[in-house]
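Asker: Pasting a structure here, questions to come.
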Amino acid sequence: MDDKLRAGSLIDVPRGLAGVAVAETAISRVDGDAGFYQYGPYSAVELARSASFEEVWHLLLTGRLPSAEELEAFRARVRAAQESPELGRVVASLVRGSGEASVSPLAGLKAAWPLLSSARGLRPVFDGAEGERLADAIELAAAAPVVLAALHRGDATPLPPLPGRGVVANYLHQVTGEVPDAAHERALSAYLIAAMDHGFNASTFTARVIASTGADVASCLAGALGALSGPLHGGAPARALDSLDEVGTPDRIEPWLRDQLAAGRRIMGFGHAVYRTVDPRSVLLRSVAESFGGPHVEFAMAFEAAAERVLAEHKPGRPLHANVEFYAAIVMELCGVPREMLTPTFAVARTVGWTAHVLEQARDAKIIRPSARYVGPKLAA
């Protein structure tokens, strides 16, 4: 194969690299035909139901769930990173004060990571040992919920940490200003764990490409966040809620769906690039939403049923089910997360997966450097 490539021949692959394995990973596996995905040796959905955010964070970074002692040490490490003077100064530089941030939460986080990296003197992964890379990964991922919540509030001074509560409860507290009850903490935790990693999605692949150059962890995360911000990736949850608002009432669901499809528009929150059956994350989050109940959840379920029926008519033979973004939006809204913070909250989760992939990619000295087939005009005579 290498000899053929050196000779100038190219390998044609599907658009978007669909179905192409570009690397090996021990972090997660997605089976799109069976509707299943796993983190290491564990079902990701079962972890979302039973484990804590910090436990799964530790698993993705190290390949194993922590003991009780390791978990406490890991939580202490995260708290120290979130309370570091360097992070406080970076956040203060991005917040004007008086309830106003100088940039949006996502833009601020993209700036905060390189600023924090510079302030802490973090080195490129090419130069750092495994332990140093791990420390950088934990510190930068721990910064994400702090930066995002502060920029949302427009206040560089965080609310006092909740005694004995973890990352998820404190993030909800910082975003909403309210002390979350156990049900809301558990619901948001289930979503965040389910969203931590999901194969070589666009943002994760971006992180790995940058890591393959030997760049520092902050550069990898900033690039990945840029990919996540796109409406076809991390921006979908808010657009799913916008659709529900636009429909308004149950009797308008089907006519609205048919109008959208007739106009060639996408139904946000439905269909997936990998799953050819029901998205297991959607099933999980629908059950979480049902546990709260209420008219909004009932309306969402009615919309899901109608959308899947109309989409089956519109594109027979192509399964188009609700994906994770649809019920993620419902669950986050039920937990009090404002609409403008849906994609930033997704970023809190996916940052953990990005750092795990950066660490894994850093162990491979081969730079990711594909080719393109030129289809432009011929060389002028």
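Asker: Filter the stretch 38-57 down to residues that are hydroxyl-bearing (Ser, Thr, Tyr) and closer than 25 Å to residue 142 by Cβ and give me whichever is nearest to the chain's Cα centre (by Cα).
Answerer: Within the stretch 38-57, the match that is nearest to the chain's Cα centre (by Cα) is 39.
Asker: Checking the structure you have, find out if any residue of the stretch 267-275 is part of a loop (DSSP other than H, G, I, E, B), surrounded by fewer than 19 Cβ atoms within 10 Å (Cβ to Cβ) and not hydrophobic (A, V, I, L, M, F, W, C).
Answerer: Yes, that holds for at least one residue.
Asker: Related question: Can you spot a residue in the stretch 120-133 that is in contact (Cβ under 8 Å) with a residue 12 or more places away in the chain, aliphatic (A, V, I, L, M) and part of a helix (DSSP H, G or I)?
Answerer: No, there is no match, as no residue in the stretch 120-133 is in contact (Cβ under 8 Å) with a residue 12 or more places away in the chain, aliphatic (A, V, I, L, M) and part of a helix (DSSP H, G or I).
Asker: Enumerate the helices (runs of 4 or more DSSP H) found wholly within the stretch 279-381, keeping only those where 1 or more residues are surrounded by fewer than 24 Cβ atoms within 10 Å (Cβ to Cβ), touching an Asp or Glu at 6+ places or on another chain (Cβ under 9 Å) and in contact (Cβ under 8 Å) with a residue 60 or more places away in the chain.
Answerer: 342-362
Asker: Could you check how many residues of the stretch 74-96 are free of Cβ contacts under 8 Å to residues at least 40 places away in the same chain and basic (Lys, Arg)?
Answerer: Summing the residues that are free of Cβ contacts under 8 Å to residues at least 40 places away in the same chain and basic (Lys, Arg) in the stretch 74-96 gives 1.
Asker: Restricting to the stretch 182-217, what's the tally of residues that are small (Gly, Ala, Ser) and buried (at least 24 other Cβ atoms within 10 Å of the Cβ)?
Answerer: Going through the stretch 182-217 one residue at a time, the tally reaches 7.
Asker: Tell me, which helices (runs of 4 or more DSSP H) wholly within the stretch 135-216 include 3 or more residues that are touching a Phe, Trp or Tyr at 6+ places or on another chain (Cβ under 8 Å)?
Answerer: In the stretch 135-216, the matching helices (runs of 4 or more DSSP H) lie at 182-194, 202-212.
All of the numbers you see were taken from the coordinates with simple rules; none came from a lab. This is a predicted model, so every value here is computed, not measured. Counting neighbours? That spans all protein chains shown, and the Cβs are built from the backbone with ideal geometry, glycine included.
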